[in-house]
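Reviewing the structure listed below.
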Amino acid sequence: MKARDEMRILVLAPFGAIEPNAQANLASRARPGTEVTVECLKDVFPLPYNTYQYNLTKVIDGTVERAIRAEAEGYDALVISCMLDPGLIQARGVVDIPVVGTLEATAHVASMMGNRFALINADATVCAQMERLLAFYGLRDKVACLRHIDIVSCELYPDRTPTEEVFRRVREQALKAIHE
């Protein structure tokens, strides 16, 4: 039996690969007694992109199946590490552990910090999908603008696009969002 202050959290990257240093970064920020495990669904879903609705639909099954296994393995929570929250609602319907999606959580926290907020993401296709999700979550009216950096998600890894270039584009879009 786990001590009351011990917790196991699975962070699941549904597409392509795990962000560089994700495991070390999250573990270094976890409170004592919290075990964070970062996994990717690449064995189930080897396509390294998420720009088409078909691919999002396909990855939902893998996310839900992994949520079921995570609960059986004794994880206390699952975090879906994708701003499109694939499988969030479906997984919540079949497990008793908390399942958190990064878009839903980010939008709720942002809405508590101000009356309106902006979101910056990878590409224009993602913007349209995010708009639908934000409307579903009841938060679309809180979004001042959705902007993108015009880089397909699978190209955001440092070996494909230099970190400085990603930062430059994010900063540029953030300044535009502020002016909007």
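The values are calculated or read from the model by the stated rules, or taken from the named source; none is laboratory data. This is a predicted model, so every value here is computed, not measured. Here Cβ is always computed from backbone atoms with ideal geometry, including for glycine, and neighbour counts include all displayed protein chains. Heavy atoms of the whole protein, side chains included, go into the accessibility calculation; ligands, DNA and RNA do not. Shrake-Rupley method; radii C 1.70, N 1.55, O 1.52, S 1.80 Å.
Against the condition open to solvent by 20 Å² or more (accessible area, probe 1.4 Å), in a helix (DSSP H, G or I) and modelled with pLDDT of 90 or more, how does R31 come out, does it pass? Criteria not met by R31. Can we say G74 is among the small types (G, A, S) and without any contact (Cβ under 8 Å) to a residue 24 or more places away in the chain? Answer is no for this residue. Screening A124, A118 for residues that are without any contact (Cβ under 8 Å) to a residue 60 or more places away in the chain and small (G, A, S) leaves exactly one candidate, A124.
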